[in-house]
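Please read the structure below before turning to the comments.
Read-outs: derived from the displayed coordinates by stated rules, not from any lab. Keep in mind the model is a prediction, meaning the values are calculated, not measured. In this analysis, Cβ positions are derived from the backbone assuming ideal geometry, glycine residues included, and neighbour counts consider all displayed protein chains.
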Amino acid sequence: MSILRRIIGETRAIGGTWITDNQPLVSSAGVAINEQTALSIGAYYAAVKLYADTVASLPWDTYIRIDGTRRPYRPSPNWLTTPQPGNPNFTGFDLKHRMVSSLLVDGNCFVLFIRGRNGDIVEMRVLDPKRVEIRERDGIPYYIVTAQDNVAVELTADAILHIPLFATGRCL
């Protein structure tokens, strides 16, 4: 704002809109903005990709604490290197990339743990946040996941890892 405009007393309204549901926002130019249209903007796409690539390339490992000392857990679980055994081309990098991208684009990341007969995790899948609804029963969160055929399944926190981008102080 120039000095002359400050003297004259020009005021500017700064409007802010919060995303409250899955409805697209309308920009001041009249264009609907949602996850897909935002990703079609080169700068936004590049920023999300750069951030996700950087975080996904960081090493990760499993550790166990023995007598107060943290040590690498060996042998490393298979889901760490091959999160989807049916697709050996889907690596730990791909899993982390999808997790970070989901956080940045949708604000939430939901990871489904598929367990074997002995209870160990055998597969991990990143879910579409728009298909997951968080509910609470007696203070304990549970999740309603809607599949592509519109069949809803109720899952507990043992089966789903929820990572919110921003925590509001509430449990949900």
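So the values come out like this:
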item: Among (1) hydrophobic (A, V, I, L, M, F, W, C); (2) within 23 Å of Ala38 (Cα to Cα); (3) out of contact with any Lys or Arg (no Cβ under 7 Å at 6 or more places or on another chain) - the single one Leu80 does not satisfy; result: (2)
item: Scope segment 70-83; condition out of contact with any helix residue (DSSP H, G or I) (no Cβ under 8 Å at 6 or more places or on another chain) and surrounded by 16 or more Cβ atoms within 10 Å (Cβ to Cβ); matching residues; result: Trp79
item: In segment 44-69, residue farthest from the chain's Cα centre (by Cα) [restricted to those that are assigned to a loop (DSSP other than H, G, I, E, B) and surrounded by 10 or more Cβ atoms within 10 Å (Cβ to Cβ)]; result: Thr62
item: Residue in segment 114-134 that is without any contact (Cβ under 8 Å) to a residue 40 or more places away in the chain, part of a strand (DSSP E or B) and farther than 24 Å from Phe90 by Cβ present; result: yes
item: Residues that are of a type in the set (Ser, Thr, Tyr) and either loosely packed, with under 10 Cβ neighbours inside 10 Å or over 26 Å from Gln36 (Cβ atoms) (or both), drawn from segment 130-172; result: Tyr142, Thr156, Thr168
item: Enumeration of residues in segment 94-113 that are in contact with a Lys or Arg (Cβ under 8 Å, 6 or more places away or on another chain) and touching a residue at least 60 places away in the same chain (Cβ under 8 Å); result: Asp106
